1. So, in the stretch 14-29, how many residues would count as being under 16 Å from residue 47 (Cα atoms) and within 24 Å of the chain's Cα centre (by Cα)?
2. Among (1) assigned to a helix (DSSP H, G or I); (2) at pLDDT below 90, which single condition is residue 3 missing?
3. Considering only residues that are in contact with a helix residue (DSSP H, G or I) (Cβ under 9 Å, 6 or more places away or on another chain) and under 25 Å from residue 65 (Cβ atoms), which ones fall in the stretch 15-26?
4. Restricting the stretch 43-101 to residues that are within 30 Å of residue 13 (Cβ to Cβ) and either outside any helix (DSSP H, G or I) or in contact with a strand residue (DSSP E or B) (Cβ under 9 Å, 6 or more places away or on another chain) (or both), which is modelled with the lowest pLDDT?
5. Limited to the stretch 48-77, what total is found for residues that are within 15 Å of residue 2 (Cβ to Cβ) and exposed (fewer than 12 other Cβ atoms within 10 Å of the Cβ)?
């Protein structure tokens, strides 16, 4: 882990969680994917706590990415709405040359 440990909470695990952890421990493809996504150098040679922390970090990164994506989508929708409003106002405006003879 890169940062100092602040606390060590307990983590309840279901049977499925246990199976997933066993898969992480036994599957080279899963270990490679976790290493790639988390930056964990070698998941096969670290403690179970470090693997759980890496899984947590990947989950948090995924959540942050989803929040950013939703925020960008909202911002894009707001900008599109504002641009549409400006175009609508421009269409209603009398052209500057309308009063020339």
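The values are calculated or read from the model by the stated rules, or taken from the named source; none is laboratory data. Model, not experiment: these values are computed from the prediction. With ideal geometry, Cβ positions are generated from the backbone for all residues, glycine too; neighbour counts draw on all protein chains shown.
1. 4
2. Unmet condition: (1).
3. Let us first name the residues in the stretch 15-26 that are in contact with a helix residue (DSSP H, G or I) (Cβ under 9 Å, 6 or more places away or on another chain), namely 20-21, 23-25.
Residues satisfying the conditions are 20, 21, 23, 24.
4. Pass one, the stretch 43-101, residues within 30 Å of residue 13 (Cβ to Cβ): 43-70.
Of the ones still in play, those that are also either outside any helix (DSSP H, G or I) or in contact with a strand residue (DSSP E or B) (Cβ under 9 Å, 6 or more places away or on another chain) (or both) are 46-47.
Working: 46: 77, 47: 83.
In this case the residue turns out to be 46.
5. So the count comes out to 1.
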